[in-house]
1. Among residues belonging to the range 1-49 that are surrounded by fewer than 15 Cβ atoms within 10 Å (Cβ to Cβ) and of a type in the set (G, A, S), point out the one that is modelled with the highest pLDDT.
2. Would you tally the residues in the range 1-46 being in a loop (DSSP other than H, G, I, E, B), more than 17 Å from G64 (Cβ to Cβ) and of a type outside the set (D, E)?
3. Does the range 50-69 hold any residues that are within 16 Å of I6 (Cα to Cα), modelled with pLDDT of 80 or more and surrounded by fewer than 14 Cβ atoms within 10 Å (Cβ to Cβ), and which are they?
4. Looking only at the range 4-61, count every residue that is farther than 25 Å from R72 by Cβ and among the aliphatic types (A, V, I, L, M) and tell me the total.
Amino acid sequence: MAFDMIDRVWSAMEDDELYSPSDLANNLEQPVEEVTRVLEFLKKYKFAEQVTKREMIFRKLTSGPSPVDALRVLQMLLGDIRVDHRGRIANVSNTSRRYNAST
């Protein structure tokens with residue numbers, strides 16, 4: 001999943017508005033399957049919420065940073081996240097070993 005697609009979906013969602021994957025896919029002229037994967041990612045990491053259990057209706061959560069801003073913070077903190085030319089995480093070194101060693 002490319003970060004530019006995550007940013008496009010996130011940016012297309014207005015605050016306090018509800019969206020289905022097909023609404024966003026039509027608006028962005030992207031496949032519904034790809035938009036659905038992005039919405040699931042946003043839900044999993046608390047950037048969006050699914051507001052109904054029976055239907056896939058989502059709302060953007062605005063209480064925190066955008067997904068792209070969160071990635072930038074992680075890149076600064078870790079210093080060794082590798083992002084390839086398509087905006088995908090290519091490599092994350094074993095940071096847990098390094099941080100656990102200092103405790």
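The values are calculated or read from the model by the stated rules, or taken from the named source; none is laboratory data. As the structure is a prediction and not an experimental result, all values here were calculated from the model. Ideal geometry is used to build each Cβ from the backbone, glycine not excepted, and the neighbour counts take in all protein chains shown.
1. Here the residue is S22.
2. 6
3. Within the range 50-69, T62, P65, D69 meet the criteria.
4. Result for the range 4-61: 6.
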